[in-house]
Amino acid sequence: MLRTSTLLVLAASLAAAQAGQPNASYLKELAVKPLEPLHYTLDLTHPNGHLAAVRLEFRAPQPQARVQMPAFYPGRYSIFNFAVNVQQPAAFCAEGGAALPFHRIDPNTWEIENGDCRQVRWQYRVFGERPLDGTFFQVDATHANLNGGPVYMVPEGDKPNPVVLDIQAPRGWKVVNELGQLNQTHLLFPNYDIFIDAPTEAAPDFTLDQFQTDGKTYRVLIHDYATASSNAANRTALLAGLKKLATTENAVVAPDELDTYTFFFHFDPGSSDGMEHLFGTQIMVPAGLGTDAGLTGAEDDAAHEFFHQWNVKRIRPLALGPWDYEGENPTPSLWVAEGFTQYYGDISLERSGLEPAADYLRNLGRSMGSSLTAPAYRLMSAEESSLTAWFHDATPLRQQTNEGITTISYYTRGEQLAAVLDLDIRRRTHGAKSLNDAMRWLWTNTYHAPRATYYLPGRGYTDADVEHAIEAAAGGASYADFFRDYVAGTQLLPYDDYLSAAGLKLACSVPEGVNSYSGVYLAGNQVRGVAPASPAEAAGFGSGQRLESLDSKALAALPPGQPDTVAVVAHGQRLNLTLSPVAPQATQCTIEEIPGATAEQKALRAAWLAGR
Ligand SMILES: [Zn+2]
């Protein structure tokens, strides 16, 4: 229980308790003082009803205070109705315990009539069942896994305040917060944003291993719903794989200031996700760790999420932190924040020896090839894809859309852009510099710029900063045209111009069984869209129709250059459409060596694939 008079004592205990927490010196730098702490108590002792009880004590303005449930959680670019799961709210004066009147003033906000009472206790229960992922929270008889957004309300205006958290777990359960030691149940955080970005796991039966590399500690929490005895060999293999990945990725940007990074893994058939946090990651793999799919799924996700500790969590777009928890936080830069992370994650698997180079090049070629033929790449730019993330990152859509045709992914587009930029910087500088140097420029000039907000060191970046970073790494060459055409624009990327630096080229062919191109996109026999200006559009195909007279295989096998009658059903009526397919597209791409590649090209390729 907190009193105003105990504030100085609490400030001292904040420093003391942080000294016992992982990353204590990093956290200590961030605390903004003097501000009144928010004191949360999380009660998980009745997990069967999927309910957690939260008590929040805070120093309230007079005569009214407002508390608010977030509608947003860092890392997922969507608006959620977390407040729908709040129940049984109640308000009390902490001194004396008198009940205080309150009412809900909008879907996410409650107003408390605290009058003369300065120290208010606000309490509620929150329901968390499914899904187990990087956004929501789950509590049941097997465990509690908490992301902060759907659990913790914040008093209006108090996001910069330090936070105290006490956790009450069921008897016999272990508890770990990403910023706490094993079974540390009294924790301190410099501000609300950092507090809710540090997940908690509580369960009777998880394991917590650790390893060291580059002078840092890496903790690995594993909660496997398959029988524990089945995963012993793969648990050892996962730790070895993570150590290789950490060593590889630690060399890209700069040594991080963290002393401890924490992986939370869940192996659960119903759950698949990965989410970056400031001090760790949460990864959900839909297979047991004892299986090949479980082990490789965990390594693949870890390669991506681990790189986020630099890219997006610290080198961050301007809009991403501190956040507006009530609205959208749009940014044009997810092609860097997610796309470059996708690039470094994928190539780090190869550089660590966890994936053969041939597999890496085949997958990269497939991605590049798809961007040359999928119509969405001529309809949406990398920046636009980032700005419209709110439409497609996990928000349940009740509105029918044409997104399957019109939308590109900032993950894949960003990875394609990162790959060609990396090769281009290496060629221009004869191997002296790489995309790593552009990331280092951002690290030094934005993350280590003067602190602009209470949230973290430095400031957020803009796409103009990214352009400067690349130009600086490439020895001053201008990338204005590149950004105009391929980042803000929708020009097709001439991949071979860049791959040739490494003595490579894109090799594309027409898939077997495909004789022609119509531009119909199908899910089974259902039409889900048509490509703009395609034969299908001219013939009158559209989403909502079902192919009747032939299936997708027969459609692809139609000869080019001659009209055919295709029957579809729409609104319950049969329609005969006249389709004139054209010559097929070479959509099946991989990356191949150029015959007669020079020694310089081969040397650049070797350095690129080795991460030198
Ligand atoms: Zn990501």
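Can you go through M439, M368 and tell me which one is touching a strand residue (DSSP E or B) at 6+ places or on another chain (Cβ under 8 Å), assigned to a helix (DSSP H, G or I) and within 16 Å of the ligand (Cβ to nearest atom)?
Working: M368 fails: within 16 Å of the ligand (Cβ to nearest atom).
Exactly one of M439, M368 is touching a strand residue (DSSP E or B) at 6+ places or on another chain (Cβ under 8 Å), assigned to a helix (DSSP H, G or I) and within 16 Å of the ligand (Cβ to nearest atom), namely M439.
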Q. Tell me, which residue of the range 67-94 that is modelled with pLDDT under 90 and not aromatic (F, W, Y) is nearest to the ligand (Cβ to nearest atom)?
A. S78
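Of these, G513, G489, which one is at positive phi, part of a loop (DSSP other than H, G, I, E, B) and not β-branched (V, I, T)? Let's see the steps before the verdict.
Numbers: G489 fails: at positive phi.
Exactly one of G513, G489 is at positive phi, part of a loop (DSSP other than H, G, I, E, B) and not β-branched (V, I, T), namely G513.
Can you say whether Q210 is within 16 Å of the ligand (Cβ to nearest atom) and of a type in the set (S, T, N, Q), as far as the supplied structure shows?
no
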Q. Is there a residue in the range 314-334 that is at pLDDT 95 or above, in a helix (DSSP H, G or I) and either within 12 Å of the ligand (Cβ to nearest atom) or out of contact with any Pro (no Cβ under 7 Å at 6 or more places or on another chain) (or both)?
A. yes
**Q.** Residue in the range 401-409 that is in contact with a His (Cβ under 8 Å, 6 or more places away or on another chain) and acidic (D, E) present
**A.** yes
Q. Regarding P286, is this residue free of Cβ contacts under 8 Å to residues at least 24 places away in the same chain, surrounded by fewer than 24 Cβ atoms within 10 Å (Cβ to Cβ) and either within 16 Å of the ligand (Cβ to nearest atom) or under 20 Å from the mean Cα position of the chain (by Cα) (or both)?
A. yes
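Identify, from the list V176, V164, the residue that is surrounded by fewer than 24 Cβ atoms within 10 Å (Cβ to Cβ) and within 22 Å of the chain's Cα centre (by Cα).
Working: V164 fails: within 22 Å of the chain's Cα centre (by Cα).
Residue meeting the stated conditions: V176.
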Q.
Given the criteria away from the ligand (no atom under 16 Å from the Cβ), farther than 25 Å from Q342 by Cβ and not in a helix (DSSP H, G or I), does T217 qualify?
A. yes
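I need the full set of residues from the range 303-312 which are touching a strand residue (DSSP E or B) at 6+ places or on another chain (Cβ under 8 Å), more than 10 Å from the ligand (Cβ to nearest atom) and part of a loop (DSSP other than H, G, I, E, B), in order please.
Residues of the range 303-312 that are touching a strand residue (DSSP E or B) at 6+ places or on another chain (Cβ under 8 Å), as a first pass: 304-306, 308-309, 312.
Applying the additional criterion that residues be more than 10 Å from the ligand (Cβ to nearest atom) yields 306, 309.
Within the range 303-312, Q309 is the sole residue that qualifies.
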Q | Residue satisfying all of: in the range 335-357; in contact (Cβ under 8 Å) with a residue 12 or more places away in the chain and among the acidic types (D, E); farthest from the ligand (Cβ to nearest atom) among these | A | E350
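The values are calculated or read from the model by the stated rules, or taken from the named source; none is laboratory data. Since the structure is predicted, the reported quantities are computational estimates derived from the model, not experimental observations. Note that each Cβ is placed from the backbone with ideal geometry, even for glycine, and that neighbours are counted across all protein chains shown.
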